[in-house]
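Novice: Mind looking over this structure? Questions follow.
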Amino acid sequence: MKRFGVAVLSTLVLSSTFASLAGAQPGDIKVIINGVTQQYTQSPVVSQNTTLVPLRGVFESLGAKVDWNSKAKKVTASKNDDTLTLNVGSKLAYKNSNPVQLDAATQIQKGQVLVPLRFVSQSLGAKVNWDQTTRTVTISNQANGSTTDDQTNSLSSKPLATPVTQVTYDTYYNDSLTYNDAVKLAVADSTSVKTAATNIDQAGKIMKEAGKNIDFVPAEAGDEGQDKAFKGYAQTNLNYEAAKKNLDMTKEGIEYNVKDLYNKLLQKQSAVKLAALNIEDAERKLKVAQIKRDNQMSSDYEVTQATNQLTQNQAALDKAKKDLDSAYVSLNQLIGYKPEQRYELKDKPAYSEFKDNVETKVSQVLTSSTAIWLSEQKVDLAELSLKLYNFNTPGNTPYEAEQLNVEKAQYATEGTKRQLEEAVRTIYNNIKALESQYSQLQAGLVSARSAADMAKKQFDVGLATELQVFDANLKVTSTEQQAEDLVISIDTLKMAYEKPWVLQGAASGAGAQ
């Protein structure tokens, strides 16, 4: 009996197709394809008594290749000798140029094209079943009438396709978005930019008016009226130049803000995909635990632990989806898009070693910073006020107090320089620290890929289970995502390193959108 249990365990563990044992949320529609529970960001929906399912996720799981034409809003799917085409919003599809009437028009929700469930059987000949009671869609296209259970009764040494979860997210988009286009949209939609431009115009008019009262440039205190007029003109001139600088700095802050949110969105997309893989891993381990328990090879405790892990992973996926939606909303708000709009991100940072002389960069920043320029201008104004101080004017601020104004302006300038210098060094050190982590991950990735390749070879000769193959590949995927996250973080820091003053400007500019 024990030997029989071991045999059953071995064959079932090698199966790649088993249903998820986690219960669906009330109202959710669960999709099982060839025994594997699917995870989609946009769940299937029922519209006008018609069940609609995510096209790419379902079709690719059934072996079809799917392409998307974003401009034409057209989907093309092919499998063997069959080619399917359909347009979003249409109730008519084509199979090898022959029209196929759909039960409902195709539509896009959360970046995925949804099609009527019956179209799956119409187009690919798959067996489709809808269980109203459990709200479960079961789809199977096992060849030659064989079933998943039949396949698990023997160990095949044929090449094993890398076990991965059937997950898609934002495969179809209403649009695509590059970083540069996002910046243009954000600048065009920014009230801060519009206000800064208006300030330039206003300051220019005030300066021009103030200049009308200037007859000559005083070298020292003399005519009180002329001295006062010149100091007023100097202040308006500073205001005008500062307004122009502020517009540039506002745009730079927006560029950084877009970079930060754009890159965070990339990270959240990767997090959703990894969370879905972790669910499939938990499902597989739960199935193994149940088989071992049923064959008296373990206790209920192991099953309980596996069930809890699956529940935790499902919660993690739900959170990852919410975080992704929030990331979209944040970027959409900045660029003037509607909160629900979804699009493909076209720019993905690539790793390149960061090489720069931090001391040289500090010097460059101290000479090009708008904040420092403004502080230095205030020092000049304070010194001008002291230079034109008239001791004979009753009620004037004491001369010693004017001297202290100069010192205060100088201290402020020195403080600004120190802050920027510290920011440059801190950002530089953070980039190098992340690069060190990236190098470590790359070394770990080499080992993980080697282990995955070995697990695949062992499986082909019957020395490893499919669960071991899946775990090895999951390790590779997880490490790859960690490395990608580091590259994205480095990319954001590189922009801050070039113009560290944007960190403050971006924060204030974001609140003024």
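The values are calculated or read from the model by the stated rules, or taken from the named source; none is laboratory data. Only a predicted model underlies this, so the values are computations on that prediction, with no experimental measurement involved. Glycine also receives a Cβ, built like all others from the backbone with ideal geometry; neighbour counts cover every protein chain displayed. Each accessible area value is taken on the protein alone, full model and side chains, heavy atoms only, with ligands, DNA and RNA left out. Shrake-Rupley method; radii C 1.70, N 1.55, O 1.52, S 1.80 Å.
Novice: Kindly establish whether THR76 is open to solvent by less than 60 Å² (accessible area, probe 1.4 Å) and at pLDDT below 85.
Specialist: It is false that THR76 is open to solvent by less than 60 Å² (accessible area, probe 1.4 Å) and at pLDDT below 85.
Novice: Quick one: in segment 98-116, which of the residues that are at pLDDT below 85 and within 15 Å of ALA77 (Cβ to Cβ) is surrounded by the most Cβ atoms within 10 Å (Cβ to Cβ)?
Specialist: Going through the qualifying residues, I end up with GLN112.
Novice: Now for a separate question. Of all residues being in contact (Cβ under 8 Å) with a residue 24 or more places away in the chain and open to solvent by 30 Å² or more (accessible area, probe 1.4 Å) in segment 417-433, which is farthest from LEU493 (Cα to Cα)? Just the residue, please.
Specialist: It comes out as LYS417.
Novice: Among the residues of segment 487-509, is there at least one that is more than 21 Å from TYR256 (Cβ to Cβ), assigned to a helix (DSSP H, G or I) and of a type in the set (Ser, Thr, Tyr)?
Specialist: Checked against the condition, which is being more than 21 Å from TYR256 (Cβ to Cβ), assigned to a helix (DSSP H, G or I) and of a type in the set (Ser, Thr, Tyr), segment 487-509 yields no hits at all.
Novice: Further question: I'd like to check something: does segment 313-323 contain any residue that is of a type in the set (Lys, Arg), touching a strand residue (DSSP E or B) at 6+ places or on another chain (Cβ under 8 Å) and open to solvent by 70 Å² or more (accessible area, probe 1.4 Å)?
Specialist: No; the residues of segment 313-323 include none that is of a type in the set (Lys, Arg), touching a strand residue (DSSP E or B) at 6+ places or on another chain (Cβ under 8 Å) and open to solvent by 70 Å² or more (accessible area, probe 1.4 Å).
Novice: Can you name every residue in segment 200-214 that is in a helix (DSSP H, G or I) and open to solvent by less than 60 Å² (accessible area, probe 1.4 Å)?
Specialist: ILE200, ALA203, GLY204, MET207, ALA210, GLY211
Novice: Can you pull out every residue in segment 456-465 that is assigned to a helix (DSSP H, G or I) and surrounded by fewer than 18 Cβ atoms within 10 Å (Cβ to Cβ)?
Specialist: Selection gives LYS457, GLN458, ASP460.
Novice: Now, a different point. Taking segment 149-177 only, how many residues are modelled with pLDDT of 50 or more and in contact with a helix residue (DSSP H, G or I) (Cβ under 9 Å, 6 or more places away or on another chain)?
Specialist: 2
Novice: GLN410: closer than 30 Å to LYS71 by Cβ and among the polar types (S, T, N, Q), yes or no?
Specialist: Answer is no for this residue.
Novice: Also: Can you tell me which residues in segment 339-388 are of a type in the set (Lys, Arg) and open to solvent by less than 50 Å² (accessible area, probe 1.4 Å)?
Specialist: ARG342, LYS361, listed by residue number.
Novice: Take the residues of segment 131-148 that are farther than 19 Å from THR106 by Cα, under 37 Å from the mean Cα position of the chain (by Cα) and not hydroxyl-bearing (Ser, Thr, Tyr): which is modelled with the highest pLDDT?
Specialist: Applying the filter and picking the extreme gives ILE139.
Novice: Only one of LYS95, LYS30 is more than 25 Å from the chain's Cα centre (by Cα), more than 20 Å from ASN129 (Cβ to Cβ), at pLDDT 80 or above and open to solvent by 30 Å² or more (accessible area, probe 1.4 Å); which?
Specialist: LYS95
Novice: Given the criteria in contact (Cβ under 8 Å) with a residue 12 or more places away in the chain, within 30 Å of THR178 (Cβ to Cβ) and more than 16 Å from the chain's Cα centre (by Cα), does LEU286 qualify?
Specialist: no
Novice: Now for a separate question. From the residues in segment 36-73 that are closer than 20 Å to ASN87 by Cβ and in a helix (DSSP H, G or I), which one is most open to solvent (accessible area, probe 1.4 Å)?
Specialist: Out of the qualifying residues, it is GLU60.
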